[in-house]
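As structure tokens, the structure follows; a few thoughts come after it.
Please treat every number below as a calculation from the coordinates, not as lab data. Please read these numbers as outputs of a predicted model, since none were measured by experiment. A quick note on method: Cβ atoms are made from the backbone with ideal geometry, for glycine too, and the neighbour counts reach across all protein chains shown.
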Amino acid sequence: MKKLILTFPFMVYSLMFSAQVPDGKEIMRRIDQNMSSENRSFTSKMIIHSIRSSRTLESRTWTRGEENSFTEYLFPVREQGTKMLKLENQLWIYSPTTDRTLQITGHMLRQAVMGSDMSYEDLMEDTKLLNHYNAAVTGSEKVGDDDCWVLELTAFDPEVTYQGKKLWVDKIRHIPLKEELFAKSGTLLKRTELSNITNIDGRWYPKKIVFKDMLQDGEGTEFIIEEIQFNIDIPDHVFSKGSLKK
Amino acid sequence: MVSLRLALRNILGAGLRTWLNVIVLSFSFVVIIWHKGLLDGWDRQAIHDMIEWEIAGGQYWVNEYDPYDPFSISESHAPMPEELDALIRQGEITPLLYTMGTIYPNGRMQSILIKGIEPGQEIIAVPSNLLQSGPDEIPAIIGTGMASSTGLKEGSFVTLRWRDKNGAFDAAQVKITGIFKTNVPSVDASQIWLPIDKLRDMMLLPDEATILICRDEELGTYSTSRWDFKEQDELMVDLKQIIRSKSMAGLFIWAILLMVAMLAIFDTQVLSIFRRQREIGTYVALGMTRRQVVTLFTFEGAMHAVFATVLGAAYGLPLLAMQAKRGINLPVSSEDYGLTMAEKLYPVYSLGLILGTVIVVVIVTTLVSYWPSRKIARMNPTEALRGRWQ
């Protein structure tokens, strides 16, 4: 009887919590609504903090769906005019200094972009969570001043890069404020912190993301969106090899 | 015969001038033979080491495998052919599975090639028997070059990240259970060796391989659209090209050395003809034909090469023989050069090399001696007797 009296409040609390907790899928759907779009174009700044120094790259990117992406580097002068085109699993990089286009596939897509903590996949893909993961809400925590749902994602798609994710999702704006990306074995690979959440065309979007490769030293890579447009008309020729040399 | 005796007496009579030429020429002899012997020794040693550590009797490669394209390596694998099953079980052929990965030694990131090998194989010299560890550990072995570049030691753990066949990231700690020393950088630089069954589990590629290494070349008769057999010569084509290019560079050194020696001979000949005009006139006056006088002077020049051969043999043979026995310590290792090169090279001096060099130098010396002597044929004997320069 004493045991029942002791456990009763916890049972009541659990029931109340589960009644208030939204479904994991629903949270993912709302995140996708904010983060994903049919297409988008943005200008960004990537600040790579290595052990010894930091350097900044500026670029303009156009993406369409999960498969197509085109990026042109604007700064520094050394990288100016370098273009990357990704069509499904193939990537072409055009270097204006050599006037040559290099095609890369497979493993190279998984390599770090110009010494940053982001891979080409991280940078150029717009993956919808609902298409790849199952989700479970495992708790509620604060990130800074914001109340968040803690969401644990497990991939049902064996081809997705990160087989596990843990997200801290803002309860009000439905945007992740922190992410942890895991390997299949459960090893923590990367951590991202999303901030400067801004309302753009009715959706919440983080204008600053800090990526940190947890397996190596360094301060991580800051990815700052300077200007972004969603669902705009992007001509087909942007996602063609002809645009690399233009 | 008279010319030969006279030539011998003349060059011996020239004293220091002759011996200076002979010393220079003998030095060229010895250096040319030493340099060529060194390259031949390297060639022989590199081929031996590559066969022992990497190539064995030849290899079957899965079609997609291109060692020069790191971006396609992770996709280069196929089920092992059933026709070779018996030979694989008997240990006559051993499979290797390759994929690209990343390790994080001391918080740094380094791209590497992960190679899976049978721990019990005895076909190549990679000490795969060191791939032993506890049930929950992933054992790995690396070469000394890799150990030095990453700071890893035996017993240390390092995080390894890879992708499975679907492209999903995975990572685990691997334990370095052995570090081996090799002269072949292509089994050492930026790579880590794991038990093949473990790697297959990690990659979700059961019973697959990238290459199959045969103990003997006779096992390379099996043919299929998925697997190509590569013979030893084909697998060593790069090494042979490097050695060939080194030999060409050696030829340049050879030519310079020979040119220096020949310049001395040529100079001596020109000076002799200038200073010995009266002597030339006297020879003709005493009944020698101009052709015989030209032959005499040519013999004199050629005798420098004969003397140089004897002198070179006197100090060169013991010196080169000692080096061939003790070897030459190189100040750099194969890790620094990226070439198959032992820390100690043993030059190989074949009889063909020595005789060939002697013959070439004697012929070239004779030609160089003959060149200025042709002037004698155009001399007027009367003017020569008076000592007038013509």
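Summary table
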quantity: Footprinting exposure proxy for B:LYS246, A:LYS165, B:LYS344 (fewest neighbouring C-beta atoms within 10 Å first); calculated: B:LYS344, B:LYS246, A:LYS165
quantity: For region B:284-293, 3J(HN,Hα) per residue [Karplus equation, 6.51 cos²θ - 1.76 cosθ + 1.60, θ = phi - 60°, Hz, x = Gly/Pro]; calculated: 5, 5, 7, x, 6, 6, 4, 4, 5, 5
quantity: Directionally averaged projected area (convex hull, Cα atoms, region A:22-244), nm²; calculated: 12.3
quantity: Built amide H within the under 5 Å cut-off of A:ASN68, gap 5+; calculated: A:GLU88
quantity: Shape call, region B:32-153: gyration tensor on alpha carbons, a/c limit 1.5; calculated: oblate
quantity: Sorted largest first, extent of the protein assembly as shown alpha carbons per principal axis (Å); calculated: 140, 58, 45
quantity: Built amide H within the under 5 Å cut-off of B:GLY178, gap 5+; calculated: B:ALA140, B:ILE142, B:GLY155
quantity: Reach of B:LYS325 by Cα under 24 Å, taken over lysines that are not fewer than 8 positions away in the same chain; calculated: B:LYS36, B:LYS181, B:LYS246, B:LYS344
quantity: Taking B:SER148, B:SER190, A:SER44 and counting other C-beta atoms within 10 Å, the order from fewest to most; calculated: B:SER148, B:SER190, A:SER44
quantity: Per-residue ³J(HN,Hα) for region B:79-84, Karplus 6.51 cos²θ - 1.76 cosθ + 1.60, θ = phi - 60°, Hz, x for Gly and Pro; calculated: x, 5, x, 4, 4, 9
quantity: The protein assembly as shown, dipole about Cα centre (Lys/Arg Cβ +1, Asp/Glu Cβ -1), debye to the nearest 20; calculated: 4100
quantity: Ranking of B:MET259, B:MET303, B:MET109 by count of other Cβ atoms within 10 Å, fewest first; calculated: B:MET259, B:MET109, B:MET303
quantity: Table column - 3J(HN,Hα) (Hz), region B:37-51, Karplus curve with 6.51, -1.76, 1.60, x for Gly and Pro; calculated: x, 5, 5, 5, x, 4, 3, 5, 5, 5, 5, 4, 5, 5, 5
quantity: Relative contact order of region A:22-244, pairs being alpha-carbon contacts under 8 Å that are 6 or more residues apart, as %; calculated: 22
quantity: Between region B:235-268 and region A:173-203, the Cα center-to-center distance that results, in Å; calculated: 64
quantity: MRE, 222 nm, helices only [DSSP H, n ≥ 4, -39500 (n - 2.57), over the protein assembly as shown, to nearest 500]; calculated: -12000 deg cm²/dmol
quantity: Antiparallel bridges, percent of DSSP beta bridges restricted to the protein assembly as shown (to nearest 5); calculated: 90
quantity: Qualifying aspartates and glutamates (Cα of each under 13 Å from Cα of A:LYS171; at least 8 residues distant if same chain); calculated: A:ASP23, A:GLU26, A:GLU141, A:ASP145, A:ASP146, A:ASP147
quantity: Long-range amide H partners of A:SER140 with built H, under 5 Å; calculated: A:VAL150
quantity: Mean separation of Cα contacts under 8 Å, 6 or more apart, over the residue count of region B:59-230: relative contact order %; calculated: 33
